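Here the structure is laid out as structure tokens; the discussion comes afterwards.
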Amino acid sequence: MIGAEPPDRLDKALARDLPEEAALSRSRLARLLAEGAVSRDGVAIADARARVAEGEVYEIALGPAEEVETRPEALPLAVRYEDDDLIVIDKAAGMVVHPAPGSPSGTLVNALLHHFGGRLSGVGGELRPGIVHRIDKDTSGLVVVAKSDRAHHGLAAQFEKHSVERRYLALVHGAPDAADPRLQGVKGTNWEPGGVLKITTRLARHKTDRQRQAVLFDSGRHAVTRVRVLERFGVPPALALAECRLETGRTHQIRVHMAHIGHALVGDRTYGGRRRAPARALGPAVAAVVDAFPRQALHAATLGFDHPVTGVHLAFESPLPEDLRDLLAALGCPAPSATGP
């Protein structure tokens, strides 16, 4: 039913007055209108700009969720939590989250479709998992995925409000230091209490390399990362284990921000170039191990959010995977806990 003082368009009025439990996005409402699934007094109304009046009652016919082209694949998954509305996965490095032109199969979505085995209510009218955030192919760690429209909307709202806790562990070149005069001159940085470096920029796709993101200040999307050094390696410090907390979650955000401040991630060929570990500070054998690390040394260690249906706060921790544990062991450092020291 349309409430008091409705907007001047049907699509806006429906978006405002639909019961929350319907969990229909504006894009799906637009599709349903175009398909003739919205009616008043038995007459279909496809015009999203149609005028509405207070007290009018509209019906929306929701058909069964449609099959998607993505095919289920029996791939190994580390499930940390699952219920009727969502699933939390500890993703292995090397797995893409969502099918794309360069990765049509072997993705987390393919694996989830097989894992659900038909036990999926669907998102946006399709029998698919709801991806509300992603981590890069070669980043390991925690990902939450929605199994229903209501969960998808609730999780997306928390990510939009930046209320989801996301903590990453990264091995970086050098060691961010408040006393470093070079770092003091890097635009978009400031130090907060507790030795936390806040990086605030905008990010957008690189003008000449479409596979990269670039730091900007006059356009692009707002991005904030907070960094705290946990351990330093070498004399002078050649590497550091850093805790990175995301306020926003843009594509490649941690990797771009750390490169921007001159402390690119170990193993990040995209943003760190051919930077090598200094043998003089670490020793030739250890430096060789660091330089051979085959991926960006980044792990999504902590994920916390409110359950979008029950409201219960959920928090998950992921221990470092074996390759990162071995790398830290070579540096003489035991693997930290997911919650840090």
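Every read-out reported here was derived from the displayed coordinates using simple, explicitly stated rules and does not represent laboratory data. Computed from a predicted structure; not experimentally measured. With ideal geometry, Cβ positions are generated from the backbone for all residues, glycine too; neighbour counts draw on all protein chains shown.
The table below lists the values:
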{"item": "Mean projected area (nm²) of the alpha-carbon convex hull when the stretch 178-266 is viewed from all directions", "result": "6.2 nm²"}
{"item": "Cβ-Cβ FRET estimate between W191 and Q211, R0 fixed at 25 Å, reported to 0.05", "result": "0.20"}
{"item": "Inter-probe distance in nm under a simple model that places probes 7 Å from Cα toward Cβ, at K161 and H222", "result": "1.6 nm"}
{"item": "Part-to-part distance (alpha-carbon centres) for the stretch 150-167 and the stretch 208-252, which is given in Å", "result": "21 Å"}
{"item": "Within-11-Å neighbourhood charge of L216 [Cβ basis; K, R +1; D, E -1]", "result": "+4"}
{"item": "Charge tally in the Cβ shell below 10 Å around V97, where Lys, Arg are +1 and Asp, Glu are -1, V97 excluded", "result": "+2"}
{"item": "Folded to 0 to 90 degrees: helix 149-160 orientation relative to the chain principal axis, Cα", "result": "50 degrees"}
{"item": "Links that overshoot a 32 Å alpha carbon limit, given the list K91/K161; K147/K198; K137/K198", "result": "K147/K198"}
{"item": "Residue-wise HN-Hα coupling along the stretch 280-286, computed from phi with Karplus coefficients 6.51, -1.76, 1.60 (Hz; x: Gly, Pro)", "result": "5, 7, 10, x, x, 5, 5"}
{"item": "Per-residue [θ]222 nm for the chain (sum of -39500 (n - 2.57) over DSSP H runs n ≥ 4, rounded to 500)", "result": "-5500 deg cm²/dmol"}
{"item": "Cβ crowding within 10 Å averaged over residues, with 263-276, 217-230, 130-143, 44-57 ranked highest first", "result": "130-143, 263-276, 217-230, 44-57"}
{"item": "Most positive-pole-ward Cα, G130, P181, G141, against dipole of the chain from beta carbon charges", "result": "P181"}
{"item": "For the stretch 127-245, projected area of the alpha-carbon convex hull averaged over all directions, nm²", "result": "9.9 nm²"}
{"item": "Charge-dipole axis of the stretch 169-285 as Lys and Arg at +1 and Asp and Glu at -1 on Cβ define it, positive-most pick from A240, Y271, P193", "result": "Y271"}
{"item": "Two-decimal log10 I(q)/I(0) for the chain, as the Debye equation yields it once each C-alpha is a single scatterer, q = 0.07, 0.08, 0.13 Å⁻¹", "result": "-0.37, -0.47, -1.04"}
